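Working notes, beginning with the structure itself.
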Amino acid sequence: MICLPCDFYLGPAPEIARALLGMRLVRIIDGTRLSGRILETEAYSGEEDAACHARFGLTKRNAVMYGPPGRAYIYFTYGMHWCLNTVTGAEGSPAAVLVRAILPLEGLETISANRKGVPERNWTDGPAKLCKALEIDGSLYAAILCSDGSPLRIEQDAEIPDENIEITPRIGIQYAPEPWLSMPWRYRVIRLKGLQNEH
DNA sequence: ATCTAGATGACCT
DNA sequence: GGTCATCTAGATG
């Protein structure tokens, strides 16, 4: 399998969010592959985006968003959850795409163990759930996603036609004022037999 | 099926 | 001190 090139992540965050649907998120642990197909994403774009973690300017937490595209922005929230983003856009312009759901494809035994007690359809249908399933945490902050040797990377995989994509406002940003609250920057795969992960 | 409350700590004006 | 790009268990219809 071949990694997406670093310049894949160079464009506007909403475009990258759309383009990431169907791609394969790969996590290597002790030489073993855990992976899943990306089914849901959200774009966060620039200091002007009142829902973006860069809205207060450069901080220690969001610093990687200001760097070159194609790296992992991973943050800790609600006291217990890790979430994964891909940094997008040119160096100096903070933007990222949150990976919200995947369809597990490789390393199912490990994923199952990491999500013990949880029904299979709920293993990776949320941004913190997929991080738990693939063992993604702060130790992978700023990991390079566009390098074949990386422990965390994204590979070319399936093409998802527009008919199978739903576009909606972003989730969990009720604090944000308009127009950001209603910006249609959430992308989700729907109606694809075998690709769907949510009831 | 849908709702609610509580966890728990880093980060922010 | 308040907020948070969330998840889970438990209660209820």
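The values are calculated or read from the model by the stated rules, or taken from the named source; none is laboratory data. This structure is a prediction, so every number in the text was calculated from the model and none was measured. Cβ atoms come from the backbone with ideal geometry, glycine included; neighbour counts cover every protein chain shown. Side chains included, ligands, DNA and RNA excluded: accessible areas come from the protein's heavy atoms. Shrake-Rupley method; radii C 1.70, N 1.55, O 1.52, S 1.80 Å.
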(request) Show the residues, 5+ positions off or on another chain, whose built amide H is closer than 5 Å to the amide H of residue A:84. (result) A:99
(request) Can you tell me the relative contact order of chain A? Whole percent, Cα pairs under 8 Å, sequence separation 6 or more. (result) 28
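Hand me the chymotrypsin sites (Phe, Trp or Tyr not before Pro) from the stretch A:103-199 located in a DSSP loop with no more than 15 other Cβ atoms within 10 Å, in residue order please. Don't jump to the answer; show the numbers that get you there.
Values: sites: A:123, A:141, A:175, A:180, A:185, A:187; in loops: A:123, A:141, A:175, A:185.
Loop-located and lightly packed - A:175.
Please give the net charge around residue A:11, taking every other residue with its beta carbon less than 15 angstrom from that of residue A:11, where Lys and Arg add +1 and Asp and Glu add -1.
Taking every other residue near residue A:11 into account, the sum is -2.
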(message) Show me, for the stretch A:186-192, the HN-Hα J-couplings you get by feeding each phi into the Karplus relation (A = 6.51, B = -1.76, C = 1.60, θ = phi - 60°), rounded to Hz, glycine and proline as x.
(response) 10, 10, 9, 7, 10, 6, 10
(message) With the crude spin-label approximation of a point 7 Å out along Cα→Cβ, what separation in nm comes out for residue A:33 versus residue A:139?
(response) 2.2
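Please compute the per residue accessible area over chain A with all protein chains in place, 1.4 Å probe, rounded to a whole number of Å².
Numbers: 9220 Å² over 199 residues.
Averaged over the residues of chain A, the accessible area is 46 Å².
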(request) May I ask you to evaluate 6.51 cos²θ - 1.76 cosθ + 1.60, the Karplus curve with θ = phi - 60°, for each residue of the stretch A:108-114 and list the ³J(HN,Hα) values in order in whole Hz, giving x for glycine and proline? (result) 4, 5, 5, 4, 4, 5, 5
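Would you kindly state how much longer the chain becomes between residue A:112 and residue A:77 on full extension, computed as 0.36 nm times their sequence separation minus their alpha carbon distance, in nm to one decimal?
Values: separation 35, 0.36 × 35 = 12.60 nm, distance 2.33 nm.
Taking 0.36 nm per residue and subtracting the Cα distance, the gain is 10.3 nm.
Taking Cα atoms of the stretch A:6-189, Rg/Rh with Kirkwood Rh, to two decimals? Let's see the in-between values first.
Working: Rg = 15.3 Å, Rh = 16.3 Å.
Rg divided by Rh gives 0.94.
Ignoring ligands, DNA and RNA, what percent of the accessible area of the stretch A:6-189 is carbon or sulfur (1.4 Å)?
The value for the stretch A:6-189 is 55 percent carbon and sulfur by accessible area.
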(request) Name every cysteine in chain A that ends up alone, with no second cysteine's Cβ under 4.7 Å, or say none. (result) A:3, A:52, A:83, A:131
